[in-house]
Each structure stands twice: as C-alpha cells, then as structure tokens.
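Read the structure below first, then the notes.
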Amino acid sequence: MTTTSTDHAGESASPADVAWVADTAERIGRSMGQVIRGKPDAIGLAVIALLAEGHVLVEDVPGVGKTSLVRALAASLAAEWNRVQFTPDLLPSDVTGATVYRQHDSSFSFRPGPIFANVVLADEINRASPKTQSALLEVMEERRVTVDGKAHPVPRPFLVLATQNPIEMDGTYRLPEAQLDRFLIRLSIGYPDGASEAEVLAADGAETGIAALRPVASAADVERMIRIVRSIRVAPALRDYIVAIAAATRSQPEVRLGASPRASLSLMRAARARAAIAGRDYATADDVKALTHAVLGHRMVLASQAVLNNATTTKLIDDVLRAVPVPTAG
C-alpha cells in the first residue's frame, strides 16, 4: 500500500471551495438520476468514490442497472472513459496494453490498452480469469502500468468502476482478497420500487437515457474536487475512531480476515468526501458510520464456521458500530 502527503490534514478547505464541491457533486448526482431512477443511495456512493478518487465495485444480479450506473457517471463527466468487457478469453495485455514491434524502423513502442482513461468500466469483472483480473492490481493502487519493466502512468483522475454478478452464478471467478481491498466502495443497486420501474418503462423510446446526458463537470473539475476533499479536516479523535472500528473487525471470532490499514485509510477518505458533499469542511462520526458498511463489508472474510452459522458481514459491522465508543464533540 502506498500513501502520499495529501492523505494527511493540511490547510483546511475554504468555505467557498467546499460550497463549490457540494454544488458540483449535486449536479453530477442529478445528472445520473435522470437515468438511474429511485436509487439515490447508489448514486451518492458513486459520487463519494469519485471525490475520493477511489474505485467502485457494483455487485448485483443482471438487469438492475449496474452498467447503466457506471455509464451515467462517465457521461456526466467531460473526461476520457473506456469500457472493457471482461470475458474468460480476455488477456492481461488486452487491458493494460503491450509493447509492439514497428517493422518500418525496427523499433519497439508501447501501445496503451483501454485502462488508459480517466474512467474505466470493467464490465462483469468476475467473468475473466484470475490471471486477467490480476492485471488491474498495480494500476488500481499505484495509478500506473508496468510493461516490460517500464512504468506508464495513467491519466488522472483515474477510477475503475467494475460490475460483477453474484459469485454463485455460472461462469464467474471469485475476486481475490487483494483486489477486493483495492475497491474503496462496494455497492448494490437492488430492484427498483414500482413507481421507479414504471418511470423506466414510460421513458422507453423517448429521447432520454444515457445518450441524452451531457457533461456537467470536466476532468479538471474532478481533480480540483479531489484536492479540496483531501483538505477536509479529520480530528485526531475521529481518526482514532476509524482505527478502533478497523481493529474491532480483526478481533471478532467470526472473522478470518478483518479490515486492513488500507481499509482504514479508505474509510477516512470516503468520510471526507461525504462531508464535502454535505457542505462541511470537517468530517464527523456520522460520516464514518454511514460509510462503514460500504467501505469495510467487502474486505472482511468470514471464518468457515461463521458462514455455516449464517453470519454476515452486515451484522458483524453493526455489532462493531454498537461496541466502539463514538468520540464526543471537540
């Protein structure tokens, strides 16, 4: 895991900067809501990940709008984006790119793969082989791709938004823990309510949908938002609270693998983003509690006996949040 100096609290964001972030985030969410009906929580988590420059894993059954959510986010940004359809025969070089021989001058040059974009949709990521899945490990953490010993940085901001079907479905490969740990947030869309589904049916055939979306923020806007979010204040007591939550997941007897230090860092970054969206220049315990399930749930591995006893990470995280004392104001 790598960290930078921007992960530490420096000069606090100005009220004007925070207000601009909140307004821009609202416009992005409103744009996505034109396509993704009745799912404000899923849209909110996607925008939080965008502001924290973290990757998103969208896990749900087919047909509920996983890919549409990612495409709606990409369409709302004036930034380069690519889509990679993960299949069992996909090769790592099909994702990262490869060094090719140029016959006309007898030289070698690097041909970038689709991973070189600001927003990358990894569609049905768990249908690719583990070898191909591992091609994303370096770039998701270090924002660069190494081919033939040479490092190639990807554009910034850089986000991987991956969709996957439930693992029990045919033709899927389980994502390794090291890769799951690189996703800032895991979210599930779920089935829409009746009214929202009726809106989807009514809009069919009209000049609406993802094709009708227009960018409401540029890549430079996103970079500026990310910088402002990094300056959102996190009090020492709140950092201790995050560490205590992560430590509590590791000490539960039902858990074989608890939240990592990267998970703690991810939770703090996500809390900062949520605070900025709310128009605050400081994060609170409520920000942390609201995001703990989305940030930590997919990083915890249950012990075999716990699975047999129908334990779930949702219940275990609820237990942790009840047990860990919330820091007092000030």
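Scanning the stretch 238-256 for residues being touching a helix residue (DSSP H, G or I) at 6+ places or on another chain (Cβ under 9 Å) and either farther than 28 Å from Glu177 by Cα or of a type in the set (D, E, K, R) (or both) gives a total of 3. A single entry from Glu53, Glu26 fulfils the requirement of being at pLDDT 90 or above, acidic (Asp, Glu) and more than 15 Å from the chain's Cα centre (by Cα): Glu26. Quick one: is Arg274 charged (D, E, K, R) and buried (at least 17 other Cβ atoms within 10 Å of the Cβ)? The answer is yes for Arg274. With in contact with an Asp or Glu (Cβ under 8 Å, 6 or more places away or on another chain) and among the hydroxyl-bearing types (Ser, Thr, Tyr) as the only criterion, which of Ser264, Ser251, Ser218, Ser231 stands out? After applying the criteria, what remains is Ser231. If the condition is being crowded, with 20+ Cβ neighbours inside 10 Å and touching a Ser or Thr at 6+ places or on another chain (Cβ under 6 Å), then the stretch 138-148 contributes only Val145. Just wondering, is there one or more residues in the stretch 268-276 that are under 25 Å from Val307 (Cα atoms) and part of a helix (DSSP H, G or I)? No, the stretch 268-276 contains no residue that is under 25 Å from Val307 (Cα atoms) and part of a helix (DSSP H, G or I).
Screening the candidates Phe110, Phe158 for the property of being touching a residue at least 60 places away in the same chain (Cβ under 8 Å) and of a type in the set (A, V, I, L, M, F, W, C) yields one hit, Phe158.
Within the option set Ala198, Ala206, being out of contact with any Pro (no Cβ under 8 Å at 6 or more places or on another chain), in a loop (DSSP other than H, G, I, E, B) and either surrounded by fewer than 12 Cβ atoms within 10 Å (Cβ to Cβ) or modelled with pLDDT of 85 or more (or both) holds for one residue only, Ala206. The residues of the stretch 286-326 that are in contact with a Pro (Cβ under 9 Å, 6 or more places away or on another chain) and crowded, with 18+ Cβ neighbours inside 10 Å amount to a single one, Ala306. Where helices (runs of 4 or more DSSP H) fall wholly inside the stretch 1-108, the ranges with 3 or more residues that are under 20 Å from Arg182 (Cβ atoms) are 40-51, 66-75, 92-96.
Each row is one residue, and each column tells you yes or no for (1) more than 15 Å from the chain's Cα centre (by Cα); (2) modelled with pLDDT of 95 or more; (3) surrounded by 20 or more Cβ atoms within 10 Å (Cβ to Cβ).
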| position | (1), (2), (3) |
| --- | --- |
| Ser106 | yes, no, no |
| Ser129 | yes, no, no |
| Thr132 | yes, no, yes |
| Leu136 | no, no, yes |
| Lys150 | yes, no, no |
| Pro166 | yes, no, no |
| Tyr173 | yes, no, no |
| Leu180 | no, no, no |
| Tyr191 | yes, no, no |
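Look through the stretch 241-267, keep the residues that are in contact with a strand residue (DSSP E or B) (Cβ under 7 Å, 6 or more places away or on another chain) and part of a helix (DSSP H, G or I), and return whichever of them is nearest to Ile228 (Cα to Cα). That would be Ser266.
Rundown of residues vs (1) in contact (Cβ under 8 Å) with a residue 12 or more places away in the chain; (2) more than 30 Å from Ser14 (Cα to Cα); (3) touching a Lys or Arg at 6+ places or on another chain (Cβ under 9 Å), yes/no style:
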site	(1), (2), (3)
Arg262	yes, no, yes
Ala278	yes, no, no
Ala303	yes, yes, yes
Ala323	yes, yes, no
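Would you confirm, using the coordinates I've provided, whether Ala211 is under 20 Å from Arg83 (Cβ atoms), in a strand (DSSP E or B) and aliphatic (A, V, I, L, M)? Judged against the criteria, Ala211 is not a match.
The values are calculated or read from the model by the stated rules, or taken from the named source; none is laboratory data. Quick caveat, the model's predicted, so the values are computed rather than measured. Here the Cβ is made from the backbone with ideal geometry for all residues, glycine too, and neighbour counts use every protein chain on show.
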